[in-house]
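Undergrad: Okay, handing you the structure first.
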Amino acid sequence: MKILLIGGGGREHAVAQALCKSAKEPKLYCFSDLVNPGINALVKKTRGEYYRGNINDSAAVVKAAKKSGADFVFVGPEEPNFHGVPDRLEKNGIACIGARRNVAELEMSKASMRDLQWKYKVPGRLWYKKFKTFEEAAPYIEEFADSVALKPARQAGGKGVKVIEDFQVYLQDDKRKVKREHAESIINEYMKGYDDIDYKLLIEERVWGPEYTVHCFTDGRTVLPMPAVQDNKHAFDGDLGLETGGMGSISCGMNLRWGKDDERAILTDGEYRKSVDIVNMMIEAIQTETKEKYHGIVAGQMMLTSVWGPTVIEMYSRLGDPEAGNVLAVLKTDLVEICEAIIGERLNTIKAEIDDRAVVVKAVCPEGYPNHRDVASGHKVAIKGKDDGILWASVDYSDKGIISGGSRVVECLGMGDSMPDASLKAEHLTQKVSLVDGWKLFHRADIGSEKSMHRRIALGNMAREIYQYREGKGLLGKRMIWIPGKGLVEVG
Ligand code: GLY
């Protein structure tokens, strides 16, 4: 059996490892713009081949698939989905694990995702407004915008989202200014170069609560859910600093437990199941809308909010990065068998076996990431000893050595009976990585730590107390305002 993997980051290294663990002993081929040393080692070991090229160029991907003679292609990142790579492969008779262009709209356009969610009445509907230009958005920001999340309306590598809390009347003018400036920068900077979408800016009501991602495999008929994973977006310990593509991720059991034999958890079993139902409803909605089957991976990037309980923040048409490390480390079922079942639309015959241990992934990044990738790139990377447990990410491997690409260099993966235990194991691995020229690396030591778990669980409890109260009063998802003389009035 031969498999062609598209993409060369940390997520794809995790996918490559899972595919190569298969009892079917596949030959692994890879097509990517950069050479990932971890994937390259697996390609060599299985006697496949590594091709360099533009992963969004569907003709080039088809050519590589034909050259390799792949039985199927596994698409790692989202951009090839947005560029119709799976559609082109399938038109050429090549089976593919990857969302076709129309169904990938669920991720590509955050505005379409919200439109769809409201049209099909999927629970967790946040208020939103979409804009094509800054001029359209400016009066809205001036008059109405309260505490909001400002987002690029197209998936732009997880960049550009800003949440602004606007509670203090004496700061309202300043906050309005920040909102205007950020809205302008979303349209002029973050959305620059994306001309495949009408709407540029999305303004959503701001919600709070613990975030988590629920990935599912699907063949368009059956959904195979994976454990909830929590990504840590902020650059520094204590959730401080800029938002990144993800500084590390945690998982344990299906519902983010403290430990495998521990009752404490960020989500209840019921909340986890409701989150899976919501992802399922989103798949059904996009399939009804497009009349196309969803083949591949879909993920709900969710939040347990005080307004709705489980709530979709965004959807992914692929595995998250670094969340893929968590999901695939505990998936005991053969990934190749899952892929074949998706392609044959018989996913209902697969039972997912999941290891219930904790997994903590910590990304190690060069200083400069995420906003100054120019200074973060070009440094030679060294590892002390073996790279077991290390997923290679944004690096390029050549005869000059392994060179940083400006984003997360490696993702260090620890497994244990509890989150703090797995966190310490991942921490130990981070110490093995350095840059030869002395340029500094940073990572988050707190991911999965006791203190961080206490905070995450407490945040979940606070959101739960409020949404369950609302639920008991029949107010779930309803927005109420206080009007003097009238009391609480439902709005919207
Ligand atoms: N971890 C965020 C993402 O995969 O987009």
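Undergrad: Please enumerate, by chain and number, the lysines with C-alpha under 22 Å from the C-alpha of Lys2, excluding those fewer than 8 residues away in the same chain.
TA: Counting by Cα, and skipping residues close in sequence, Lys2 has these lysines nearby: Lys21, Lys24, Lys27, Lys44, Lys45, Lys63, Lys66, Lys67, Lys91, Lys332.
Undergrad: Separate question: Residue by residue through region 394-406, which ³J(HN,Hα) values in whole Hz follow from phi under the Karplus form 6.51 cos²θ - 1.76 cosθ + 1.60 (θ = phi - 60°), with glycine and proline marked x?
TA: Along region 394-406, the couplings run 7, 9, 10, 9, 8, 5, 7, x, 9, 10, 5, x, x Hz.
Undergrad: Determine the equivalent ellipsoid of the chain by diagonalising the alpha-carbon gyration tensor, then write out the semi-axes as square roots of 5 times the eigenvalues, largest first, rounded to whole Å.
TA: Working: eigenvalues 243, 128, 116 Å².
Working through the eigenvalues yields semi-axes of 35, 25, 24 Å.
Undergrad: Can I ask one more? If you take the Cα atoms of region 94-227, find Rg, then find the Kirkwood Rh from the mean of 1/r over all pairs, what is Rg/Rh?
TA: 1.02
Undergrad: So, one more: Where both residues lie in the chain, what percent of DSSP beta bridges are antiparallel, nearest 5?
TA: 80
Undergrad: If you only keep lysine pairs separated by 8 or more in sequence, or across chains, how many in region 172-281 come under 30 Å at the Cα atoms?
TA: Lysine pairs, 8 or more places apart or on different chains, close enough: 15.
Undergrad: Could the peptides 322-335, 260-273, 140-153 be put in order, highest first, of the mean number of other beta-carbon atoms found within 10 Å of their residues?
TA: The densest-packed peptide leads the list: 322-335, 140-153, 260-273.
Undergrad: Provide the gained length on full extension for the span Lys67 to Asp174, in nm with one decimal, where the gain is 0.36 nm per separating residue minus the Cα-Cα distance.
TA: Residue separation times 0.36 nm, minus the Cα-Cα distance, leaves 32.7 nm.
Undergrad: Under a crude label model (7 Å from the Cα following the beta-carbon direction), how far is Lys121 from Tyr469 in nanometres?
TA: In this crude label model, Lys121 to Tyr469 measures out at 2.8 nm.
Undergrad: Amide H of Val395: which non-local residues (sequence gap of 5 or more, or other chain) have their own amide H closer than 5 Å, using H built in the peptide plane?
TA: Those qualifying (amide H under 5 Å, at least 5 residues apart or on another chain) are Gly405.
Undergrad: Apply the Karplus parameterisation 6.51 cos²θ - 1.76 cosθ + 1.60, with θ equal to phi minus 60°, to every residue of region 60-76 and state each ³J(HN,Hα) to the nearest whole Hz, in sequence, with x for glycine and proline.
TA: With coefficients 6.51, -1.76 and 1.60, one gets 5, 5, 4, 4, 5, 5, 5, 4, 6, x, 4, 6, 7, 10, 10, 8, x Hz.
Undergrad: Please order Phe74, Phe167 by the number of other Cβ within 10 Å, starting at the fewest.
TA: Ranking Phe74, Phe167 by Cβ neighbours within 10 Å, fewest first, gives Phe167, Phe74.
Undergrad: With everything on Cα atoms, drop me the angle between helix 269-290 and the longest principal axis of the chain, reported from 0 to 90° to the nearest 10.
TA: 80
Undergrad: With label points built 7 Å along Cα→Cβ from the Cα atoms of Leu240 and Asp33, find their separation and express it in nm.
TA: Taking the simple label geometry, Leu240 and Asp33 are separated by 3.3 nm.
Undergrad: In whole Å, what is the distance between the alpha-carbon centres of region 246-269 and region 83-148?
TA: Spelled out, the Cα-based centre of one part sits 29 Å from the other.
Undergrad: How do the peptides 426-432, 410-416, 228-234 rank, highest first, by the average count of neighbouring beta carbon atoms within 10 Å per residue?
TA: Highest to lowest by the protection proxy: 410-416, 228-234, 426-432.
Undergrad: Less than 14 Å Cβ to Cβ from Val178, Lys/Arg counted +1 and Asp/Glu -1: what total charge do the surrounding residues give?
TA: Local charge sum for Val178: -1.
Undergrad: How do Met247, Met113 line up, fewest other C-beta atoms within 10 Å first?
TA: Lowest count first: Met113, Met247.
Undergrad: Ratio to report: Rg/Rh of region 357-492, with Cα atoms as the point set and Rh obtained by the Kirkwood method; give two decimals.
TA: For region 357-492, the value is 1.25.
Undergrad: In addition: Would you mind listing how long region 432-492 runs along its three principal axes, going by Cα atoms, in whole Å with the largest first?
TA: Its Cα atoms span 68, 23, 17 Å along the three principal axes.
Undergrad: What is the angle, in °, between the Cα long axis of helix 172-185 and the longest principal axis of the Cα atoms in the chain? Nearest 10 is fine, range 0 to 90.
TA: That helix lies at roughly 30 degrees to the long axis.
Undergrad: Using Cα pairs closer than 8 Å and at least 6 residues apart in sequence, work out the relative contact order for the chain, in percent.
TA: Numbers: 1149 pairs, mean separation 77.6, N = 492.
Value for the chain: 16 percent.
Undergrad: Kindly express, to the nearest 10 degrees and within the range 0 to 90, the angle between helix 450-472's C-alpha long axis and the longest C-alpha principal axis of the chain.
TA: Around 50 degrees separate the two axes.
Undergrad: Still on this structure, please answer the following. Given a Förster radius of 22 Å and the C-beta distance between Lys24 and Lys351 as r, what FRET efficiency does 1/(1 + (r/R0)^6) yield to the nearest 0.05?
TA: Working: r = 18 Å, r/R0 = 0.81.
The value I calculate is 0.80.
Undergrad: So who's got an amide H within less than 5 Å of the one on Thr46, skipping anything under 5 residues away but keeping other chains? H placed 1.01 Å off N, in plane.
TA: Leu28
Undergrad: Please give the calculated 222 nm ellipticity per residue for the chain, where each DSSP H segment of at least 4 residues contributes -39500 (n - 2.57) and the sum is spread over every residue; nearest 500 deg cm²/dmol?
TA: -9500 deg cm²/dmol, from helical runs alone.
Every number in this text was worked out from the coordinates using simple rules, so none of it is lab data. Note that the structure is a prediction, hence the values are computed from the model and not measured. Using ideal geometry, Cβ is built from the backbone for each residue, glycine included, and neighbour counts are taken over all protein chains shown.
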